[in-house]
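Take a look at the structure below.
The values are calculated or read from the model by the stated rules, or taken from the named source; none is laboratory data. These figures come from a predicted structure and were not determined experimentally. Cβ placement follows ideal geometry from the backbone for every residue including glycine, while neighbour counts extend to all protein chains displayed.
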Amino acid sequence: MCLTRRELCFLLPGLLPVAANLQTLAQEKSLASGAFSFDKAPMHVANHDSQVRMMLRGKLATGEGIEVHQTTLPPGGAPTATTHHHPHSEMWLIREGTIELTVNGKNFRLEPGSVGFVASNEEHGIRNVGTTPALYFVVAVGPGAELQE
C-alpha cells in the first residue's frame, strides 16, 4: 500500500500520541531511582564458597541492562571455573583483599581502591590471590547484564 504525502500528513498527528505512550511504557519498565541497602540485598553462596549479594538489576531508561552485586571471595577462590566472555561490559571495584583480573591473557593486580574494567566480549576471569577474603562490587552494563545470575 502506497501513501501519498497528503495521506501521510493526515496520519502523522494521530501517531504522535502513540509514540509518546511507547516512550512512557519504556520508562515505566526502567530501573527506578533510589537507594539499595546492603542489609536488604539477597545473598546466595556461589562457586568456591563465595557470597554474592545482589544489589540491583534491571534496565536503564536509555535501554541498557545493568546489574550490580557485591562478592566476598575466599583466598584462592574464583567466581567462575574458567575465563569467559559476554556481550555486556563489567567493572570491579575492590573494597578489601587482592584480586587478579585476567583480560585476554594479561594479568592485572587489583588491591583496595582499585578498579578493573573489561569491555564487551573480551575474554576475562578473576581470582583472589591474597591470603584474606576479597570484597568487591561488580557493575555490569550492556546487553543481557540484567539477566545474568
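Of all residues in region 130-149, those that are buried (at least 16 other Cβ atoms within 10 Å of the Cβ) and over 11 Å from ILE94 (Cβ atoms) total 7. What residue, among those in region 119-148 that are part of a loop (DSSP other than H, G, I, E, B) and touching a Ser or Thr at 6+ places or on another chain (Cβ under 7 Å), is nearest to ALA78 (Cα to Cα)? Looking at residues that are part of a loop (DSSP other than H, G, I, E, B) and touching a Ser or Thr at 6+ places or on another chain (Cβ under 7 Å), I get VAL129. Looking across region 56-94, the residues that are small (Gly, Ala, Ser) and surrounded by fewer than 17 Cβ atoms within 10 Å (Cβ to Cβ) come down to GLY58, ALA61, GLY63, GLY76, ALA81. ASN21 meets each of the listed conditions (1) within 19 Å of the chain's Cα centre (by Cα); (2) modelled with pLDDT under 95 apart from (1).
Residue-wise test of (1) modelled with pLDDT of 95 or more; (2) in a strand (DSSP E or B); (3) of a type in the set (D, E, K, R).
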| residue | (1), (2), (3) |
| --- | --- |
| MET54 | no, yes, no |
| PRO79 | no, no, no |
| ILE94 | yes, yes, no |
| PHE108 | yes, yes, no |
| PHE117 | yes, yes, no |
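Taking region 81-92 as the range and being of a type in the set (S, T, N, Q) and either free of Cβ contacts under 8 Å to residues at least 12 places away in the same chain or assigned to a strand (DSSP E or B) (or both) as the test, only SER89 passes. When GLY63 is tested against (1) more than 25 Å from LEU31 (Cα to Cα); (2) in a loop (DSSP other than H, G, I, E, B), just one condition goes unmet, and that condition is (1). Of note, GLY97 satisfies the criterion of being surrounded by 15 or more Cβ atoms within 10 Å (Cβ to Cβ) and touching a Pro at 6+ places or on another chain (Cβ under 8 Å). Within region 106-124, one or more residues are surrounded by 14 or more Cβ atoms within 10 Å (Cβ to Cβ), in contact with a strand residue (DSSP E or B) (Cβ under 8 Å, 6 or more places away or on another chain), touching a residue at least 40 places away in the same chain (Cβ under 8 Å) and not acidic (Asp, Glu).
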